[in-house]
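Shown next, in structure tokens, is the structure this report addresses.
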Amino acid sequence: MLLLRPLPLPLPAPALRARPAARGPRARAASGYGAGGVSEEDAFTRCSGYLFEEGLATEGDLPTAYDIPGIARVYGRRPLLVLRRSLQIGTSFGRWFALRYLDSLNDRADDMFEVRAAQLRRILLELGPAFVKIAQAVSSRPDVIPPEYLDELSLLQDRIAPFSTELAFDIIEKELQMPLDMIFSEMSPRPVAAASLGQVYQARLRSNGKLVAVKVQRPGVQAVISLDIYILRFLAGVARKVGKFNTDLQAVLDEWASSLFRVNHI
């Protein structure tokens, strides 16, 4: 998925190059994926990066719009991946809930509240885009979330190391079906912004000289989010039955997921 948006003013970004960045080892180094690996802030790639690799193998089979039966058909054929991700989610939150329980047994719940809130934020970052987006949505509900948790959730930034600029430029050319030099006279040699859903380049259109933001969707991100929603829907169904909730938790999740797919063009 590729989006072009006009820019009223240049972004505070790397200087535009007269020609799009050359593809090859230099482009990879500029992307942040050099031999040194990923940045310290990129907890998701460190803990859950395997999902992007797996996602590339399944993304072509997934429906282009939010479609639960279609998602279920894809991941029904990949039980080991579903199990691996489910165990990762379960152990991450399980450890956190265990620590909260121990805090209450030791009468330290109030003292450790801020510490556990910070730990929860880190867990959400490690688990990736679906969990970050859910937490960001929940952080707008001060009526149901304690202030300490709201403070931590407000710090959530969907940051992740950029993927290869070489790959990004290949995606742009494939989507637009023409070489970059024919479309843009100038283009930033590295992303001006990067998140789990994609990354943004600044460019100047050759046709009229206007500056535009070129947003490139991260390869595999649709599969990552679809897998997590598939798992969360199952957990929501179990939670509703066990907790005897009147609210249809799966319907709430479906509404949120549909909006995420639609707004972000996943």
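Before moving on, here are some points about what is shown:
- In region 92-174, the portion of solvent-accessible area held by carbon and sulfur atoms comes to 54 percent [1.4 Å probe, whole percent, DNA, RNA and ligands not counted].
- Taking a straight Cα-Cα cut-off under 22 Å and skipping sequence neighbours fewer than 8 places away in the same chain, the lysines within cross-link reach of Lys133 are Lys215.
- Peptides 224-232, 49-57 ordered by average Cβ neighbours within 10 Å, highest first: 224-232, 49-57
- Scoring 97-108, 74-85 by mean Cβ neighbours within 10 Å over their residues and listing the highest first yields 74-85, 97-108.
- Positive contributions from Lys and Arg (+1) and negative ones from Asp and Glu (-1), summed over other residues with Cβ under 11 Å from the Cβ of Val82, come out at +2.
- Accessible area (Å², per residue) of region 131-266, counting only protein heavy atoms and a probe of 1.4 Å: 48 Å²
- In this label model, Ala109 and Val82 are separated by 3.6 nm, measuring between points 7 Å along each Cα→Cβ vector.
- Surrounding net charge for Thr58, when Lys and Arg each add one and Asp and Glu each subtract one, Cβ distance under 15 Å: 0
The values are calculated or read from the model by the stated rules, or taken from the named source; none is laboratory data. Everything quoted here is computed from the prediction, not taken from an experiment. Here Cβ is always computed from backbone atoms with ideal geometry, including for glycine, and neighbour counts include all displayed protein chains. Protein only, heavy atoms only, side chains kept; ligands, DNA and RNA dropped before computing areas. Shrake-Rupley method; radii C 1.70, N 1.55, O 1.52, S 1.80 Å.
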